[in-house]
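The values are calculated or read from the model by the stated rules, or taken from the named source; none is laboratory data. The structure presented is a predicted model; accordingly, all values stated were derived computationally and were not measured. Methodologically, a virtual Cβ is constructed for each residue, glycine included, from the backbone with ideal geometry; neighbour enumeration extends over all protein chains shown. Surface accessibility is based on the protein's heavy atoms, side chains included, excluding ligands, DNA and RNA. Shrake-Rupley method; radii C 1.70, N 1.55, O 1.52, S 1.80 Å.
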Amino acid sequence: MADDEDFPSSSDVEEPEDGDFYLSDHEDDIAENVLQDLEDGRQEECNWSVSSVITKESLLAAQKEDLRKIIELLALNEQHARTLLIHYRWDVERIFELLEQKGKDRLFSEAGLTMSENKVIVLSSYSDPFTCSICFEDVSPVAITEMDCGHCYCNNCWTGYFIVKINDGQSRRIRCMTPRCNAVCDEAVVRSLVNARHPDIADRFERFLLESYIEDNNKVKWCPSVPHCGNAIRVLGDIYCEVECTCGMQFCFSCLSEAHSPCSCIMWEQWTKKCHDESETVNWITVNTKPCPKCHKPVEKNGGCNLVACICGQAFCWLCGGATGRDHTWSTITGHSCGRFKEDQTKLIECARRDLYRYMHYHNRYKAHTDSLKQESNLKETIQGKIVISENKESRIKDYSWVINGLNRLFRSRRVLSYSYPFAFYMFGDELFKDEMTSQERDLKQNLFEDQQQQLESNVEKLSMFLEKDFQDFSDEEVMENMKHVINLSSVIDRLCKQMYQCIENDLLYPLQRATHNIAPYKSRGPEKASELSVCWVSNQARSTKTTKMDVLPNHISAVNASGNTLSAKRTRHFHAASSSDESGSSRKLSKNESIGSAPLFDLNMPAEVIDKS
């Protein structure tokens, strides 16, 4: 398939010269692939975003890869690099930009990072007892811990403070206890002190640091599947995209809802809320009932007489809502007339009725196509049975892949068609874009969009009709005729979907001035299936021959020699034409049952409390 050709498989990786496990760098490949697609005239098929699945096995390696980049650039240790990345939400490119704009000192201070050379107290030079300013106890200098910011307290106070912060879920950025000190405590110190008293809490601290790559990362999000599959998805490039996890869950990466393109995330959020709350029930009550003048409960008229009675016993006039026996009688009129026109009340009722009818129009069509998609999903098993029968009978036609391709096209186009109705409801209504367009512009754009929507709907229904035919009973000529219709309709529907998205992006959403609505781009093959994150491996023999190289996992990502120069690992890049083997050795994908290095892995499917007990 073309999708498999765009990016290298997990086995197409190069063997590094210096390291254990690491992630192959292919961020630079994205731009090259996009430019190549533009040159080839396939702009609509460009991969503006690349998604990959981060499992519990590759989570640590993914985190270490970003740490390595910062360590190489700024010559930091692992603890300080992680503090910097957590503050800037693991955005390495953003850190590179801010480094040029603000400089290293300001970059570090804003992240709460204080280098060790700024310490003002050397505890080793003290022999007398030290008075802790927190508990006011005299303790030995060996029971005192000083942070990088220069503040020092006794180990008991530090440990109690760290435990409270970890239990409160603030373990990723524990700041110094000193008031108005924004320095972040060294995670190695936190780990050492907490582990001496409560190893289970120290394990939880390690888990929080590991999961910070997902929780604090704008480019990585958990898969929203229920029950949770334990995977996370990382997207490089445009985050407004729809992805598919290896568990089969398709979702919008931006809002983590179900895939809802061409609706924007704001539109879909309001649509789901509108469909589930009681707003339309209120509209129906406003249109079809009148409040009782005594108990104020809504009363629905069930007969032709305009003299109605509430269950509370109060009779009132249906025309004006006035109670009989007080302001209104059937023989005299006191102070008012049922026939007098009340503009405000009439306008209110008419607006409510119009909004209700408009919502029902779009909701009915949205639900109709959604129900059709559910029914057609059951068609797959039926079609596979028909294909088996057709392949076993005596016929010149043995290839029925066009049926499966047509069915997949039907699923994708039906989904696009169903979500186009919520989009039209908000695009041409007053809820979001009331002041964005004049009435004339709104009518013109609505007619343009509805024409394209109608063409798409007509061809989708035709494709559904041809796919439901019993082609296993057809002659060869009839099968060929049916195949021609399915292939042609699939091509036409794909082109109509692309035209609709171009209309939405260029003619409808782009001219908006007061609001920005981004939608996931249309993909002919559906939401992109995230590939498993590639983890490369080097044999122990190759590693043992390179004693000066840096150890990537699990303790340090780079080493700094005596002169302060960073010994960095060679970053390998792989393209889709790269080979997975050469004379120097072989590469393989890490098995799911293997652990990365010697560091223990946490089961991301289990909550922290369960892991602590185990």
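List every residue pair whose Cβ atoms sit under 8 Å apart, with the two residues 6 or more apart in sequence or on different chains, where the first one lies in region 387-403 and is more than 15 Å from SER475 (Cβ to Cβ) and the second, anywhere, is assigned to a loop (DSSP other than H, G, I, E, B).
If the second residue must be assigned to a loop (DSSP other than H, G, I, E, B), the pairs left are ILE387/TYR400; GLU391/LYS398; GLU391/TYR400.
The rows are residues; the columns are (1) modelled with pLDDT of 90 or more; (2) open to solvent by 40 Å² or more (accessible area, probe 1.4 Å).
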| site | (1), (2) |
| --- | --- |
| VAL164 | yes, yes |
| GLY169 | no, yes |
| LEU193 | yes, no |
| LEU209 | no, no |
| TYR213 | no, no |
| VAL220 | yes, no |
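Which of the residues that make up region 163-188 are without any contact (Cβ under 8 Å) to a residue 40 or more places away in the chain and part of a helix (DSSP H, G or I)? Before you say what the answer is, go through the steps one by one.
Of the residues in region 163-188, the ones without any contact (Cβ under 8 Å) to a residue 40 or more places away in the chain are 163-165, 167-171, 174, 176, 178-181, 185.
Once the filter is applied, which keeps residues that are without any contact (Cβ under 8 Å) to a residue 40 or more places away in the chain and part of a helix (DSSP H, G or I), region 163-188 yields ILE163, VAL164, LYS165, ASN167, SER171.
Answer yes or no: is there a residue in region 107-128 that is under 35 Å from the mean Cα position of the chain (by Cα), surrounded by fewer than 13 Cβ atoms within 10 Å (Cβ to Cβ) and at pLDDT below 90.
Going through region 107-128, the residues under 35 Å from the mean Cα position of the chain (by Cα) turn out to be 107-114.
Pick out the ones that are also surrounded by fewer than 13 Cβ atoms within 10 Å (Cβ to Cβ) and you get none.
No.
Any idea how many residues of region 370-409 are small (Gly, Ala, Ser) and under 33 Å from the mean Cα position of the chain (by Cα)?
4
Per-residue answers, yes or no, for (1) in a helix (DSSP H, G or I); (2) more than 30 Å from GLU244 (Cα to Cα):
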residue	(1), (2)
GLU376	yes, no
LYS380	yes, no
ILE383	yes, no
LYS386	yes, no
ASP399	no, no
LEU407	yes, no
ARG412	yes, no
MET437	no, yes
GLN446	yes, yes
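Within region 145-162, track down each residue that is under 22 Å from SER109 (Cα atoms) and either surrounded by fewer than 18 Cβ atoms within 10 Å (Cβ to Cβ) or of a type in the set (Asp, Glu) (or both).
GLU146, ASP148, GLY150
For SER464, indicate whether it is assigned to a helix (DSSP H, G or I), farther than 26 Å from ARG514 by Cα and either in contact with a Phe, Trp or Tyr (Cβ under 6 Å, 6 or more places away or on another chain) or modelled with pLDDT of 95 or more (or both). Give the steps one after another, and end with the answer.
On the way: assigned to a helix (DSSP H, G or I): yes; farther than 26 Å from ARG514 by Cα: yes; either in contact with a Phe, Trp or Tyr (Cβ under 6 Å, 6 or more places away or on another chain) or modelled with pLDDT of 95 or more (or both): no.
So SER464 fails the test.
Could you give every pair whose Cβ atoms fall below 8 Å, whose first residue belongs to region 345-365 and is open to solvent by less than 90 Å² (accessible area, probe 1.4 Å), and whose second residue is modelled with pLDDT of 80 or more and not in a helix (DSSP H, G or I), counting only separations of at least 6 or pairs across chains?
Matching pairs, first to second residue: ARG358/GLY429.
Please find, among ASP507, ASP494, the residue that is charged (D, E, K, R), under 13 Å from LEU448 (Cα atoms) and open to solvent by 20 Å² or more (accessible area, probe 1.4 Å). Walk me through it before giving the result.
Values: ASP494 fails: under 13 Å from LEU448 (Cα atoms).
Every option except ASP507 fails the conditions.
Restricting to region 531-542, what's the tally of residues that are at pLDDT 80 or above and open to solvent by less than 10 Å² (accessible area, probe 1.4 Å)?
Total meeting the criteria: 0.
List pairs: first in region 435-453 and farther than 12 Å from PRO511 by Cβ, second in a helix (DSSP H, G or I) and open to solvent by 40 Å² or more (accessible area, probe 1.4 Å), Cβ under 9 Å, 6+ apart or cross-chain?
LEU448/ASP507; PHE449/ASP507; GLN452/GLN499
Give region 460-491 a look and list any residue that's under 24 Å from TYR522 (Cα atoms) and either in contact with a Cys (Cβ under 9 Å, 6 or more places away or on another chain) or crowded, with 19+ Cβ neighbours inside 10 Å (or both), or say none. So that I can check it myself, show each step before the final result.
Initially, region 460-491 is screened for residues under 24 Å from TYR522 (Cα atoms), giving 460-464, 467, 485-491.
Within region 460-491, VAL460, LEU463, SER464, LEU467, VAL486, LEU489, SER490 qualify.
Take the residues in region 66-106 that are among the acidic types (Asp, Glu) and under 26 Å from VAL235 (Cα atoms); name whichever of them is most open to solvent (accessible area, probe 1.4 Å). Steps first, please.
Applying the first criterion (among the acidic types (Asp, Glu)) to region 66-106 yields 66, 72, 78, 91, 93, 97, 100, 105.
Now drop any that are not under 26 Å from VAL235 (Cα atoms), which leaves 66, 72, 78, 91, 93, 97, 100.
Numbers: ASP66: 13, GLU72: 48, GLU78: 17, ASP91: 48, GLU93: 85, GLU97: 92, GLU100: 164 Å².
Across region 66-106, the extreme among qualifying residues is GLU100.
I'm trying to understand the selection: among the residues of region 227-262, which are under 12 Å from PRO527 (Cα atoms), open to solvent by less than 10 Å² (accessible area, probe 1.4 Å) and not in a loop (DSSP other than H, G, I, E, B)?
VAL243, PHE251, CYS252
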